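Accompanying notes for the structure given below.
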Amino acid sequence: MGLRERILADTKEAMKAKDSARLSTLRLISAAIKDREIAARGEGGDEAGLAEADLTAILSKMVKQRQESAKAYEEGGRLELAERELEEIKVIQSYLPRQLDAEETRAAIDKAIAELGAESIRDMGRVMAELRARHAGQMDFGAVGPMVKDRLMK
């Protein structure tokens, strides 16, 4: 079962279970996917729809938005809103691939650097592109960038 079908099935399940928080988040996910499909059609994209990688990118973006919102709510003293954002993050992350831990991330960086023969900071773009191609949705590239930079400066 593909990601889109899983989301649709879980939406129906949440409706039956009357789980309003999960249902609301699943509807937000569906709306974001439909919005992206409409934008792709407007750009002359294919009619078949979005690939799994596109869906993963949409979900990753949604998680990042909610993390930023939760942080802003906490700083503003709105803990109940921050808690709601964190609950949405949990639901969205259940559809993303498992995140690599710190050791696996370091190993992936070392492997990409070795395979590309990267030696200096000028190779950072190539290394990041390779990591994005292999590990989309599995690592936070905002945190990986500085790790790659440190590794290449040695």
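The values are calculated or read from the model by the stated rules, or taken from the named source; none is laboratory data. Quick caveat, the model's predicted, so the values are computed rather than measured. All Cβ positions, glycine included, derive from the backbone under ideal geometry; neighbour counts span all protein chains shown. Side chains included, ligands, DNA and RNA excluded: accessible areas come from the protein's heavy atoms. Shrake-Rupley method; radii C 1.70, N 1.55, O 1.52, S 1.80 Å.
Observations on the model:
- Remark: the chain carries a charge dipole of roughly 120 debye about the Cα centre, counting +1 on each Lys and Arg Cβ and -1 on each Asp and Glu Cβ.
- Gain upon complete extension [Arg122, Glu37; 0.36 nm per residue less C-alpha separation]: 27.0 nm
- Simple label model, 7 Å out from Cα along Cβ direction - Lys90 to Lys71, nm: 2.2 nm
- Entries in Lys90/Lys111; Lys64/Lys149; Lys61/Lys90; Lys12/Lys64; Lys12/Lys34 that, when Cα-Cα distance is taken, lie over 20 Å: Lys90/Lys111; Lys64/Lys149; Lys12/Lys64
- For the stretch 76-141 versus the stretch 9-24, the gap between their alpha-carbon centres in whole angstrom: 29 Å
- Sequence-separation-based contact order of the chain, relative, with Cα cut under 8 Å and 6+ spacing, percent: 20 percent
- Among (1) 10, 21, 19, 28, 18, 4, 1, 0; (2) 10, 30, 30, 23, 6, 1; (3) 9, 30, 23, 24, 13, 2, the entry derived from the coordinates for P(r) over Cα pairs in 10 Å bins from 0, in percent: (2)
- The chain, accessible surface, carbon-and-sulfur percent (1.4 angstrom probe): 52 percent
- With all protein chains kept in place, the per residue accessible area of the chain amounts to 64 square angstrom at a probe of 1.4 angstrom.
- Acute angle (nearest 10 degrees) that the helix 79-93 long axis makes with the longest principal axis of the chain, alpha-carbon atoms: 70 degrees
- Principal axis dimensions, largest first and in whole angstrom, of the stretch 102-153 by Cα: 25, 18, 17
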